[in-house]
Amino acid sequence: EKGGFPSFMDKEIHDQPHAVADTLLGRTDAHGRLVLDEIRIDESVLRSVDKIVVIACGTAAYAGHVAKYAIEHWCRIPVEVELAHEFRYRDPVVNEQTLVVAVSQSGETMDTLMAVRHAREQGAKVLAIVNTHGSTIPRESDAVLYTHAGPEIAVASTKAFLAQITAAYLLGLYLAQLRGNKFADEVTAILDELRAMPDKIQQVIDRSGRVREIARWMADTQSVLFLGRHVGFPVAMEGALKLKELAYIHAEGFAAGELKHGPIALIEPGQPVFVVVPSPRGRDSLHSKVVSNIQEIRARGARTLVIAEDGDEAVRPYADEVFYVPQAPTLLAPLLAVVPLQVFACELATAKGLDVDQPRNLAKSVTVE
Ligand code: M6R
């Protein structure tokens, strides 16, 4: 059932174009408008939502962090993202106007389930973004928007992450459409751009030979840092999580802007650092700021492994390696940038002789608190 791949994780990385395409499928009408009938929360309730709180753990929480940038931009609704186990044990300010979005691949994560209950007890509506049909979290939520990633077997989440971002984006666009704000007219165009992503994800997978090669050379590495800014920040965090859980290597993700506030002290000659670079076609200062960060760490001897968009020549002088990904709108770029990081972790762990599908100490669904 691994479809000829050496591991489920490898197979699931290759399934990602389908996971995104299938999550988009059948969710628009003949006029290109989003129809999310499954969201059985009254439209008037959705129109009056004044805050969104995403609750999730691990990779699902990083999907929530990515979605925050998009939903706030499209809907002008404040979005908080909180680890479910933290949310559960404080006194969060939620009420009838709060939409709580619980994100979970398995639908069985106990921490997330307890947070769902905690939110509902306080009158919040809970919408679950879940991959596994018939699981507990959707049953205990007010509504569910399923991701259509197919079964994810490997402990490390890959295709579910891309599908979660896609589904959360659909939710954001749906709210924009429903509330008739300034992005309502752009929903169709953004959906077209989303539909173009599976082909681009496929291209990133097709080009992953070099990242595999580098990963194999780095099997003895002790520590890897990951930097990103804006939507690239949660991508950096996710890249670090993949490396920790699969290859048992110390890895940390930082917001690139935070470097000078401390982490840059970690940079010593030879330290490998992945940098997720925003598109130079996006908000101008963002790109140049991250390029300066690469320059700063390179000057201190870091080995810079850069993920940049096709055509971005500005990164070349400061990069030891550039992994180019196809051009995409800034908000959609995480669906591409994370793929080389997944491949890197998977390949490095394999080179170390580790079981990538079943890393030590971990379970696919964490059903204890
Ligand atoms: O099934 P869930 O999405 O609720 O699981 C949440 C986390 O346990 C999960 O994403 C975990 O962090 C993965 N092992 C990451 O690869």
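The values are calculated or read from the model by the stated rules, or taken from the named source; none is laboratory data. Here the structure is a predicted model, which is why all the values come from computation and not from measurement. Cβ sites come from the backbone with ideal geometry, for glycine too, and all protein chains shown count toward neighbours.
Can you tell me which residues in region 109-124 are touching a helix residue (DSSP H, G or I) at 6+ places or on another chain (Cβ under 6 Å) and away from the ligand (no atom under 15 Å from the Cβ)?
Passing the criteria: only H118.
Test of understanding: among T23, T98, T59, T28, which residue is away from the ligand (no atom under 11 Å from the Cβ) and farther than 22 Å from A184 by Cβ? Talk me through it step by step, then tell me what you get.
Details: T23 fails: farther than 22 Å from A184 by Cβ; T59 fails: away from the ligand (no atom under 11 Å from the Cβ); T28 fails: farther than 22 Å from A184 by Cβ.
Of T23, T98, T59, T28, the one residue that is away from the ligand (no atom under 11 Å from the Cβ) and farther than 22 Å from A184 by Cβ is T98.
Against the definition (among the small types (G, A, S) and under 21 Å from A160 (Cα atoms)), how does G262 come out, yes or no? Outline the logic, then answer.
Numbers: among the small types (G, A, S): yes; under 21 Å from A160 (Cα atoms): no.
No; evaluated as a whole, the condition is false for this residue.
Considering only region 1-19, state which residues are crowded, with 18+ Cβ neighbours inside 10 Å, of a type outside the set (S, T, Y) and within 14 Å of Q358 (Cβ to Cβ). Can you show your working first?
Step one: filter region 1-19 for residues crowded, with 18+ Cβ neighbours inside 10 Å, giving 7-19.
Then drop every residue that is not of a type outside the set (S, T, Y), which leaves 8-19.
Within region 1-19, F8, M9, D10, E12 qualify.
Looking at (1) part of a helix (DSSP H, G or I); (2) surrounded by fewer than 21 Cβ atoms within 10 Å (Cβ to Cβ), which is the one condition that is false for L113?
That leaves (2) as the condition not met.
For region 312-369, name all the residues that are among the polar types (S, T, N, Q), more than 12 Å from the ligand (Cβ to nearest atom) and either more than 20 Å from T158 (Cβ to Cβ) or modelled with pLDDT under 95 (or both). Talk me through it step by step, then tell me what you get.
First pass over region 312-369, keeping only residues among the polar types (S, T, N, Q): 327, 330, 342, 350, 358, 361, 365, 367.
Filter again for more than 12 Å from the ligand (Cβ to nearest atom), leaving 327, 330, 350.
Within region 312-369, Q327, T330 qualify.
Helices (runs of 4 or more DSSP H) wholly in region 1-50 with at least 2 residues that are more than 27 Å from N181 (Cα to Cα) - which ones? So that I can check it myself, show each step before the final result.
Details: elements: 8-14, 16-24, 43-47.
Once the helices (runs of 4 or more DSSP H) in region 1-50 are filtered for at least 2 residues that are more than 27 Å from N181 (Cα to Cα), what remains is 8-14, 16-24.
Only one of these is surrounded by 19 or more Cβ atoms within 10 Å (Cβ to Cβ), away from the ligand (no atom under 16 Å from the Cβ), of a type outside the set (D, E, K, R) and part of a helix (DSSP H, G or I): V204, V235, V273. Name it. Don't jump to the end; show me each part of the working.
On the way: V235 fails: away from the ligand (no atom under 16 Å from the Cβ); V273 fails: part of a helix (DSSP H, G or I).
The conditions single out V204.
Given the criterion in a helix (DSSP H, G or I), over 30 Å from H85 (Cβ atoms) and not aromatic (F, W, Y), identify the matching residue among R281, R298. Walk me through it before giving the result.
Details: R281 fails: in a helix (DSSP H, G or I).
R298 is the lone residue from the list that is in a helix (DSSP H, G or I), over 30 Å from H85 (Cβ atoms) and not aromatic (F, W, Y).
Could you identify the single residue in T166, T188 that is touching a helix residue (DSSP H, G or I) at 6+ places or on another chain (Cβ under 8 Å) and either of a type in the set (D, E) or touching a residue at least 40 places away in the same chain (Cβ under 8 Å) (or both)?
On the way: T188 fails: touching a helix residue (DSSP H, G or I) at 6+ places or on another chain (Cβ under 8 Å).
Of T166, T188, the one residue that is touching a helix residue (DSSP H, G or I) at 6+ places or on another chain (Cβ under 8 Å) and either of a type in the set (D, E) or touching a residue at least 40 places away in the same chain (Cβ under 8 Å) (or both) is T166.
Every residue in region 238-270 that is of a type outside the set (D, E, K, R), in a helix (DSSP H, G or I) and surrounded by fewer than 20 Cβ atoms within 10 Å (Cβ to Cβ), please.
Within region 238-270, the first condition is being of a type outside the set (D, E, K, R), and the residues that meet it are 239-241, 243, 246-251, 253-257, 259, 261-267, 269-270.
Among the residues that remain, those that are also in a helix (DSSP H, G or I) are: 239-241, 243, 246-247, 256-257, 259, 261, 263-266.
Result: G257, H261, P263, I264, A265, L266.
Is it the case that region 233-253 has a residue that's among the charged types (D, E, K, R) and over 24 Å from L362 (Cβ atoms)? Break it down into steps so the answer makes sense when it comes.
Restricting attention to region 233-253, the residues satisfying the condition of being among the charged types (D, E, K, R) are 238, 242, 244-245, 252.
Now restrict to residues that are over 24 Å from L362 (Cβ atoms): none.
Looking through region 233-253, none of the residues is among the charged types (D, E, K, R) and over 24 Å from L362 (Cβ atoms).
Are any residues in region 12-55 free of Cβ contacts under 8 Å to residues at least 60 places away in the same chain and either in contact with a Phe, Trp or Tyr (Cβ under 7 Å, 6 or more places away or on another chain) or hydrophobic (A, V, I, L, M, F, W, C) (or both), and if so, which ones?
Within region 12-55, A30, V35, I52 qualify.
Could you please give the count of residues in region 303-331 that are outside any helix (DSSP H, G or I), in contact (Cβ under 8 Å) with a residue 60 or more places away in the chain and crowded, with 18+ Cβ neighbours inside 10 Å? I'd like the intermediate steps shown before the answer.
Filtering region 303-331 down to residues outside any helix (DSSP H, G or I) leaves 303-315, 319-329.
Filter again for in contact (Cβ under 8 Å) with a residue 60 or more places away in the chain, leaving 305, 321, 323-326, 328-329.
Subsequent filtering for residues that are crowded, with 18+ Cβ neighbours inside 10 Å retains 305, 323-326, 328.
Residues in region 303-331 being outside any helix (DSSP H, G or I), in contact (Cβ under 8 Å) with a residue 60 or more places away in the chain and crowded, with 18+ Cβ neighbours inside 10 Å: 6 in total.
Only one of A196, A219, A189, A167 is hydrophobic (A, V, I, L, M, F, W, C) and surrounded by 24 or more Cβ atoms within 10 Å (Cβ to Cβ). Can you tell me which? Steps first, answer last, please.
Working: A196 fails: surrounded by 24 or more Cβ atoms within 10 Å (Cβ to Cβ); A219 fails: surrounded by 24 or more Cβ atoms within 10 Å (Cβ to Cβ); A189 fails: surrounded by 24 or more Cβ atoms within 10 Å (Cβ to Cβ).
Going through A196, A219, A189, A167 in turn, just one is hydrophobic (A, V, I, L, M, F, W, C) and surrounded by 24 or more Cβ atoms within 10 Å (Cβ to Cβ): A167.
Can you tell which of Q358, Q342 is more than 17 Å from the chain's Cα centre (by Cα) and either surrounded by fewer than 16 Cβ atoms within 10 Å (Cβ to Cβ) or not in a strand (DSSP E or B) (or both)?
Details: Q342 fails: more than 17 Å from the chain's Cα centre (by Cα).
The unique qualifying residue is Q358.
Being of a type in the set (D, E, K, R) and in a helix (DSSP H, G or I) is the filter; apply it to region 139-188 and report the residue that is farthest from the ligand (Cβ to nearest atom).
Pass one, region 139-188, residues of a type in the set (D, E, K, R): 139-140, 142, 152, 159, 179, 182, 185-186.
Cutting the leftovers down to in a helix (DSSP H, G or I) gives us 139, 159, 179, 185-186.
Details: R139: 15, K159: 11, R179: 28, D185: 34, E186: 30 Å.
Looking at residues that are of a type in the set (D, E, K, R) and in a helix (DSSP H, G or I), I get D185.
Output the residues belonging to region 71-89 that are within 16 Å of the ligand (Cβ to nearest atom), of a type outside the set (D, E) and either at pLDDT below 95 or surrounded by fewer than 20 Cβ atoms within 10 Å (Cβ to Cβ) (or both).
Taking region 71-89 and keeping what is within 16 Å of the ligand (Cβ to nearest atom), we get 81-88.
Then keep just the ones that are of a type outside the set (D, E); that gives 81, 83-85, 87-88.
Within region 71-89, L83, H85, R88 meet the criteria.
A quick yes/no check of all residues on (1) surrounded by 23 or more Cβ atoms within 10 Å (Cβ to Cβ); (2) in a strand (DSSP E or B); (3) of a type outside the set (G, A, S):
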| residue | (1), (2), (3) |
| --- | --- |
| Y69 | no, no, yes |
| D91 | no, no, yes |
| G107 | yes, no, no |
| I129 | yes, yes, yes |
